[in-house]
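Following: one structure in structure tokens, then a few remarks.
We did not get these values from a lab; they are worked out from the coordinates using the rules stated. All figures in this text were calculated on a predicted structure; none of them were measured in a lab. Here the Cβ is made from the backbone with ideal geometry for all residues, glycine too, and neighbour counts use every protein chain on show.
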Amino acid sequence: CVIASTAAVGNAIRRNRAKRRLREVFREHQTAVPPNCDLLLIARNHAISWPMPDLAKKFTDACRQIEAAAGPS
């Protein structure tokens, strides 16, 4: 699920752009998500301005942190 609030991102155009970008990053890197893990992606203002490779790196880094915190399955 992807969430983008007006307070965090801005008007509808900016919110939709942020959500589209986050969905695309998830689509490309969904194999990095640990099994049996539910994700809630909350868009912030930088989701629009950061280059896609930076967003992708942050997503995969976060997935690695989740996997490390979950321990061996």
Residue by residue, what Karplus-based ³J(HN,Hα) values in Hz, rounded to whole numbers, does the stretch 19-27 have, using 6.51, -1.76 and 1.60 with θ = phi - 60° and x for Gly and Pro?
5, 4, 5, 5, 5, 5, 4, 4, 4
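Based on the mean of other beta carbon atoms within 10 Å per residue, what is the order of 31-42, 2-13, most packed first? The partial results should precede the final answer.
Working: 31-42: 11.4, 2-13: 13.8.
Sorting 31-42, 2-13 by mean packing, highest first, produces 2-13, 31-42.
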List the residues whose amide H sits under 5 Å from the amide H of Ile42, counting only those 5 or more places along or on another chain, with H placed 1.01 Å from N in the peptide plane.
Ile3
Between the Cα axis of helix 52-70 and the main Cα principal axis of the chain, the angle (0 to 90°, nearest 10) is 40
Phi angles of the stretch 38-51, converted by Karplus (6.51 cos²θ - 1.76 cosθ + 1.60, θ = phi - 60°) into ³J(HN,Hα) in whole Hz with x for Gly and Pro, give 9, 10, 10, 8, 10, 6, 10, 4, 6, 4, 8, 8, 6, x
